[in-house]
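S.K.: Here it is, the structure, as structure tokens.
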Amino acid sequence: MNFEFSEEQLMIQQAARDYAQRELIKDVIQRDTTATFPTHHIKALAELGFMGMMVNPAWDGGGLDTVSYVLAMEELSKVDASVSVVVSVNNSLVCYGLDKYASASQKEKYLKPLASGKKIGAFLLSEPEAGSDATSQRTTAEDKGDYYLVNGTKNWITNASSASTYILIAQTDPSKKHKGITAFIVDKDSPGISLGPHEDKMGMRSSDTHSVMFNDVKVPKENRIGEEGFGFTFAMKVLEGGRIGIASQALGLASGALERATAYAKERKAFGTVIANHQAIAFKLADMAVKVENARNLCLKAAWLKDQGKPYGIASAMAKQYAADIAMEVTTEAVQIHGGYGYVREYHVERMMREAKLTQIYEGTSEVQKIIISRDLVK
Amino acid sequence: MKILVLIGNVPDTTTKIKFNADKTAFDAAGVQWIINPWDELALTRAMELKEAPGSSIESITVANVGRQETEATLRKALAIGADKAIRVDADAQDAFYVANQLAQIAGGFDLIFAGVEASDYNGAAVGGMLAELLGIQSVSAVSGLLVEGNSIKITREIEGGSQTVGVVTPVVAIVQKGIAKEPRIPAMRGIMMARSKPLEVVNPVATETRVSFVSFDLPPAKANCKKFTEEQGKELINALREEAKVL
Amino acid sequence: MSVLIYVDNTDGKFKKAGFEAASYGAAIAQQAGMKAVAVSLGKVDAAELQKLANYGINNVMSSADERFASMDNQAAAKALAVAAIQCNAEIIVLAHNNLGKAIAPRLSVKLQAGLVTNVTGLPTSLSPFTVNKNVFTGKAVGHTTIHTPVKVLTLSYNSFGLVEKTTDLVVESFDTGLGQADFGLNVEQTQQVTGKILLSEAEIVVAGGRGMKGPENWSGIEELASVLGAGTACSRPVSDEGWRPHGEHVGQTGKIIAPNLYFALGISGAIQHLGGVSGSKVIVAVNKDPDAPIFEAADYGIVGDVMKVLPQFIEAAKELKG
């Protein structure tokens, strides 16, 4: 056992912290209020190499390990989860899937600009009637010889309008159910694609979420990822890694809220002493700290397993479920510790509480994670 | 043109300062070490000069005096973009000791950057001493620097204003705030490349220390703040005159 | 044996920091039973030199060489070394200002002297020679011993103050022996800030922080400063936001100041900020957050809206200065 980070991992953590504490903090409240996409931040993070961290350097990625990715995601999410979800989707859903399963020519054309962050991607899986249950895809891709003809609607798509490249999951053979699902790379500019309105969300308001409608969209054959019918396995594999990203995001929300609550409790006075000296508050902080540390260990364990090439699907489900649930608890307690100040925007923790809620829902709800964990136990 | 940037390894600027039990040394337990803030700005400016179109900068070397544990700081400088690092393997003692060590490796550089001071012992001396030991010009309080062929154009702060001066190389530029806007954050690629860049370790030369710290004290605690209400602005100003006698 | 004090001038005029260094050097000379000798480089008229007679100086060595106006550190250090050897100086004192900080390290190497910068008071012992200096940007004090026969000190601003002591001053001119090759700095342009009190010299400083809400609200700070004859300053976030120029940033990585009176208006007082102002004799804080750390450092404070308090300050100051 070794709990030490390498010098490089610590430097990456510090780089993410510096960017978050120096730059993201400046306009995070304003972007949340106005639901403005963080275009300039994503460009800056791309230049620093945060948009394709784990991609093979041959495809313009950083070639970093997943542990570094967890550390970076935590630091970015401490300040701004709307930015970190863009980072997470691009890294662990879009780039990872292409790096692992796309052909060399697909990588050359699509992965390079995504890994270097010149373009960003979106992952189109959820549907109006297929959210957490990904087996019942209604979007169809019909083989027309040179191309597939895509029709259907995808929902809750992060980066839908800011992305240039979509990874689309669609049904090529409905008779085979989930074994007839196929994955494609789709240019967002393809004729026949239209976006629904910008979703007016409770939190993560600075990330752009839309539904995406496909109406007779032609997707070239060479844009299929793997064989027909590989799409379900592809999506499940990609989501296994994606869970580490969202778990780390939830971890960052929790640890960021803990840092804010601790600092506040050491400053704020009541009944003649700082409130950190009151046991009611001190014990809250202790409980929060234990939860944060547990979540961090689960995230790092899942990342470590992935880096070792060992199975990590259950570990990442545990990390995602636990980190998301404690993010909700810890951010709520952080608001409580701040009292009235916690309920106003200036103090950040109310936003973090709104953002934490989404980590329990997207990329597999906490309930779905429990299905994954329990099925593995009783199989 | 070859640039040398001197790199200090100092406690993070938010560190709560404590000393050991007999108050003879700084208590470094749990301290996070960083590149001295002014040195980091100097390195950032050096990078900007190197990256400028048509730049004549061949290489940027960073150097410090310190034991092996300070190499993380040098590698951060390499991650930011320096090409090479040199570490003189000794405990940094007084400013003269450090300057004398650096003098043995600083020959051959055209432009040497030093921070105005280190944020720990506030010596503000190594850059000037090094210039004197090398017998070259130094310019202090530098807040702007351009390279024009063989000459360096420097903006420096003077009492009551600022001044632009031209100086031929070699020169030591002792820099302060303004030399670069913000310290550069290392990119992932730079971080991964840092370990493959050369880091040369040099043995120290015998040097007598001239100055030493006997002990340290924390400044005496301030008396309680005397509070007035939001409507008592005038009363406060009167207290400054009648009681504190500073108006 | 003597104590040599370098009193620097700007356009032929001495500043408070120079007189303070003179006062301090004269006090050490008295403590050690030595002569207090001041040295002046560049064109300074007799009346200005004579002012040093008010601060305990016995002799002035003045080189009227106009080339020193270029503030060439290498040349100035060489000239001071000549003066130090001529008057057999054992202790050399400079102000810890831009020029003093630039010259002292070079001079100490020339004289093989131990150097202590940022000194905050008289030697606590002459043998071994021990002085206190600021370390960790004012967050601690270091008791420092110099082991060499010759010592160089730079004095932290406003840490000793002006001590008036009238002497029969002997002014002598001296030849530094420097040739044209010794001056290597080409001054191209000088911008003097006029009509403003210099932060480094200001007895009173009025500073604003993020609590001022925006650059449009700075007129109040400027008005209060103008009524009190104070300098204006700001916290780091304010200069980072571009509300005020970087030259006004006081704090650990900006300017370190030590005025008699410091107003922190809408400044919460992060540890880095306090590091830069903790030498102030009296600190006044106005902040709407009762738990802001600035109140730990302040002598007088108001918990409230700076926009409501500032007009009262201005009015009261006007009445006072009436």
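The values are calculated or read from the model by the stated rules, or taken from the named source; none is laboratory data. Keep in mind the model is a prediction, meaning the values are calculated, not measured. As a convention, Cβ positions derive from the backbone with ideal geometry for all residues, glycine included, and neighbour counts pool all protein chains shown.
S.K.: Return the residue satisfying two criteria in turn: it lies in region C:279-295 and is charged (D, E, K, R) and at the interface with another protein chain (Cβ under 7 Å from one of its Cβ atoms), and of such residues it is nearest to B:L240 (Cα to Cα). Give the derivation first.
M.R.: Taking region C:279-295 and keeping what is charged (D, E, K, R), we get C:281, C:288-289, C:291.
Filter once more, so that each one left must be at the interface with another protein chain (Cβ under 7 Å from one of its Cβ atoms): C:281, C:291.
On the way: C:K281: 12, C:D291: 23 Å.
Selected residue: C:K281.
S.K.: From the set of residues in region A:1-37 that are among the polar types (S, T, N, Q) and within 14 Å of chain B (Cβ to nearest Cβ), which is nearest to B:M192 (Cα to Cα)?
M.R.: Restricting attention to region A:1-37, the residues satisfying the condition of being among the polar types (S, T, N, Q) are A:2, A:6, A:9, A:13-14, A:21, A:30, A:33-34, A:36.
Remaining after also requiring within 14 Å of chain B (Cβ to nearest Cβ): A:6, A:9, A:13-14, A:21.
Details: A:S6: 11, A:Q9: 10, A:Q13: 13, A:Q14: 14, A:Q21: 23 Å.
Selected residue: A:Q9.
S.K.: Still on this structure: Could you please give the count of residues in region A:183-234 that are polar (S, T, N, Q) and within 16 Å of A:G97 (Cα to Cα)?
M.R.: Kept after step one, since they are polar (S, T, N, Q), are these residues of region A:183-234: A:190, A:194, A:206-207, A:209, A:211, A:215, A:223, A:233.
Among the residues that remain, those that are also within 16 Å of A:G97 (Cα to Cα) are: A:223, A:233.
Summing the residues that are polar (S, T, N, Q) and within 16 Å of A:G97 (Cα to Cα) in region A:183-234 gives 2.
S.K.: Take the residues in region B:15-35 that are under 20 Å from B:P186 (Cβ atoms) and at the interface with another protein chain (Cβ under 10 Å from one of its Cβ atoms), then tell me which one is surrounded by the most Cβ atoms within 10 Å (Cβ to Cβ). Break it down into steps so the answer makes sense when it comes.
M.R.: Filtering region B:15-35 down to residues under 20 Å from B:P186 (Cβ atoms) leaves B:32-35.
Right, trim to at the interface with another protein chain (Cβ under 10 Å from one of its Cβ atoms) and you get B:32, B:34.
Values: B:Q32: 10, B:I34: 22.
Per the criteria, the residue is B:I34.
S.K.: To continue, here is another question. Exactly one of (1) within 14 Å of chain C (Cβ to nearest Cβ); (2) surrounded by fewer than 23 Cβ atoms within 10 Å (Cβ to Cβ) is unmet by B:G107. Its number?
M.R.: Exception for B:G107: condition (1).
S.K.: Moving to a separate point now. Scan region C:297-314 residue by residue and report those that are more than 7 Å from every other protein chain (Cβ to nearest Cβ) and either closer than 29 Å to C:K139 by Cα or of a type in the set (D, E, K, R) (or both).
M.R.: Correct list: C:V306 only.
S.K.: With region A:276-379 as the region, which helices (runs of 4 or more DSSP H) entirely inside it contain at least 2 residues that are free of Cβ contacts under 8 Å to residues at least 60 places away in the same chain and farther than 23 Å from A:V86 by Cα?
M.R.: Details: elements: A:279-307, A:313-338, A:349-359, A:366-378.
Of the helices (runs of 4 or more DSSP H) lying wholly inside region A:276-379, those with at least 2 residues that are free of Cβ contacts under 8 Å to residues at least 60 places away in the same chain and farther than 23 Å from A:V86 by Cα span A:279-307, A:313-338, A:366-378.
S.K.: Take the residues in region C:286-303 that are assigned to a helix (DSSP H, G or I) and aliphatic (A, V, I, L, M); name whichever of them is farthest from the chain's Cα centre (by Cα).
M.R.: Of the residues in region C:286-303, the ones assigned to a helix (DSSP H, G or I) are C:294-297.
Within this subset, residues satisfying the condition of being aliphatic (A, V, I, L, M) are C:294, C:297.
Numbers: C:I294: 23, C:A297: 21 Å.
Per the stated criteria, the residue is C:I294.
S.K.: Also, quick follow-up: Give all pairs with beta carbons closer than 8 Å in which a residue from region C:180-209 that is more than 10 Å from every other protein chain (Cβ to nearest Cβ) and without any contact (Cβ under 8 Å) to a residue 24 or more places away in the chain meets a residue that is surrounded by 21 or more Cβ atoms within 10 Å (Cβ to Cβ) and not hydrophobic (A, V, I, L, M, F, W, C); count only pairs at least 6 apart in sequence or on separate chains.
M.R.: Short answer, once both residue conditions are applied: none.
S.K.: Might you check whether a residue that is in a helix (DSSP H, G or I), among the aliphatic types (A, V, I, L, M), closer than 24 Å to A:S136 by Cβ and modelled with pLDDT of 95 or more occurs anywhere in region A:240-249? Walk me through it before giving the result.
M.R.: Within region A:240-249, the first condition is being in a helix (DSSP H, G or I), and the residues that meet it are A:240-249.
Right, trim to among the aliphatic types (A, V, I, L, M) and you get A:244, A:246-247.
If we keep only those that are closer than 24 Å to A:S136 by Cβ too, we end up with A:246.
Right, trim to modelled with pLDDT of 95 or more and you get A:246.
Yes, region A:240-249 contains at least one residue that is in a helix (DSSP H, G or I), among the aliphatic types (A, V, I, L, M), closer than 24 Å to A:S136 by Cβ and modelled with pLDDT of 95 or more.
S.K.: Identify all residues within region C:267-278 that are assigned to a helix (DSSP H, G or I) and either more than 7 Å from chain B (Cβ to nearest Cβ) or under 22 Å from A:T273 (Cβ atoms) (or both); write none if there are none. Outline the logic, then answer.
M.R.: Of the residues in region C:267-278, the ones assigned to a helix (DSSP H, G or I) are C:271-277.
Passing the criteria: C:I271, C:H273, C:L274, C:G275, C:G276, C:V277.
S.K.: Cβ-Cβ under 7 Å, sequence separation 6+ or interchain: first residue in region B:100-119 and part of a loop (DSSP other than H, G, I, E, B), partner charged (D, E, K, R). Which pairs?
M.R.: B:G108/B:K2; B:F109/B:K2; B:D110/B:K2
S.K.: Moving to a separate point now. Name, by its number, the condition in (1) more than 28 Å from B:E182 (Cβ to Cβ); (2) more than 8 Å from every other protein chain (Cβ to nearest Cβ); (3) among the small types (G, A, S); (4) touching a helix residue (DSSP H, G or I) at 6+ places or on another chain (Cβ under 7 Å) that does not hold for C:G322.
M.R.: (4)
S.K.: Quick check on my filter: what residues within region A:267-278 are among the basic types (K, R) and surrounded by fewer than 16 Cβ atoms within 10 Å (Cβ to Cβ)?
M.R.: Taking region A:267-278 first, the residues among the basic types (K, R) are A:268-269.
Matches in region A:267-278: A:K269 only.
S.K.: Does region B:211-225 contain at least one residue that is at the interface with another protein chain (Cβ under 7 Å from one of its Cβ atoms), buried (at least 20 other Cβ atoms within 10 Å of the Cβ), under 21 Å from the mean Cα position of the chain (by Cα) and in a loop (DSSP other than H, G, I, E, B)?
M.R.: There is no residue in region B:211-225 that is at the interface with another protein chain (Cβ under 7 Å from one of its Cβ atoms), buried (at least 20 other Cβ atoms within 10 Å of the Cβ), under 21 Å from the mean Cα position of the chain (by Cα) and in a loop (DSSP other than H, G, I, E, B).
S.K.: Next question, about the same structure. Taking the stated definitions as given, is B:G115 farther than 19 Å from C:A75 by Cα and either within 14 Å of chain A (Cβ to nearest Cβ) or more than 19 Å from the chain's Cα centre (by Cα) (or both)?
M.R.: For B:G115, the condition - farther than 19 Å from C:A75 by Cα and either within 14 Å of chain A (Cβ to nearest Cβ) or more than 19 Å from the chain's Cα centre (by Cα) (or both) - is not met.
S.K.: May I ask you to list the residues in region A:195-239 that are more than 30 Å from A:I373 (Cα to Cα) and in a loop (DSSP other than H, G, I, E, B)?
M.R.: Across region A:195-239, the qualifying residues are A:G196, A:P197, A:H198, A:E199, A:D200, A:R205, A:S206, A:D208.
S.K.: Can you name every one of the helices (runs of 4 or more DSSP H) wholly within region A:1-89 that holds 1 or more residues which are modelled with pLDDT under 95?
M.R.: Numbers: elements: A:7-19, A:25-34, A:39-48, A:66-79, A:81-88.
Fully inside region A:1-89 and qualifying: A:7-19, A:25-34.
S.K.: Now for a separate question. Just the residues that are under 23 Å from C:A270 (Cβ atoms) and either modelled with pLDDT of 95 or more or within 14 Å of the chain's Cα centre (by Cα) (or both), please, taken from region C:122-141. Talk me through it step by step, then tell me what you get.
M.R.: Going residue by residue through region C:122-141, those that are under 23 Å from C:A270 (Cβ atoms) are C:134-141.
Passing the criteria: only C:N134.
S.K.: Then there is this: Given the residues C:V119, C:V206, C:V150, C:V193, which is the only one that is modelled with pLDDT under 95 and among the β-branched types (V, I, T)? Walk me through it before giving the result.
M.R.: Numbers: C:V119 fails: modelled with pLDDT under 95; C:V206 fails: modelled with pLDDT under 95; C:V150 fails: modelled with pLDDT under 95.
None of the others qualify; the one that does is C:V193.
S.K.: In the set C:A258, C:A285, C:A297, which member is at pLDDT 95 or above and touching a Gly at 6+ places or on another chain (Cβ under 8 Å)? Break it down into steps so the answer makes sense when it comes.
M.R.: Working: C:A258 fails: at pLDDT 95 or above; C:A297 fails: at pLDDT 95 or above.
C:A285 is the lone residue from the list that is at pLDDT 95 or above and touching a Gly at 6+ places or on another chain (Cβ under 8 Å).
S.K.: Answer yes if at least one residue in region B:151-162 is touching an Asp or Glu at 6+ places or on another chain (Cβ under 9 Å), surrounded by fewer than 24 Cβ atoms within 10 Å (Cβ to Cβ) and facing another protein chain (nearest Cβ under 7 Å), and no otherwise.
M.R.: yes
S.K.: Select from region C:243-297 the residues that are without any contact (Cβ under 8 Å) to a residue 24 or more places away in the chain and in contact with a strand residue (DSSP E or B) (Cβ under 7 Å, 6 or more places away or on another chain) and list them in ascending order.
M.R.: Scanning region C:243-297 gives C:H249, C:V282, C:I283, C:V284, C:A285, C:P290, C:D291.
S.K.: Would you point out which residue out of C:A89, C:A113 is facing another protein chain (nearest Cβ under 8 Å) and among the hydrophobic types (A, V, I, L, M, F, W, C)?
M.R.: Values: C:A89 fails: facing another protein chain (nearest Cβ under 8 Å).
Going through C:A89, C:A113 in turn, just one is facing another protein chain (nearest Cβ under 8 Å) and among the hydrophobic types (A, V, I, L, M, F, W, C): C:A113.
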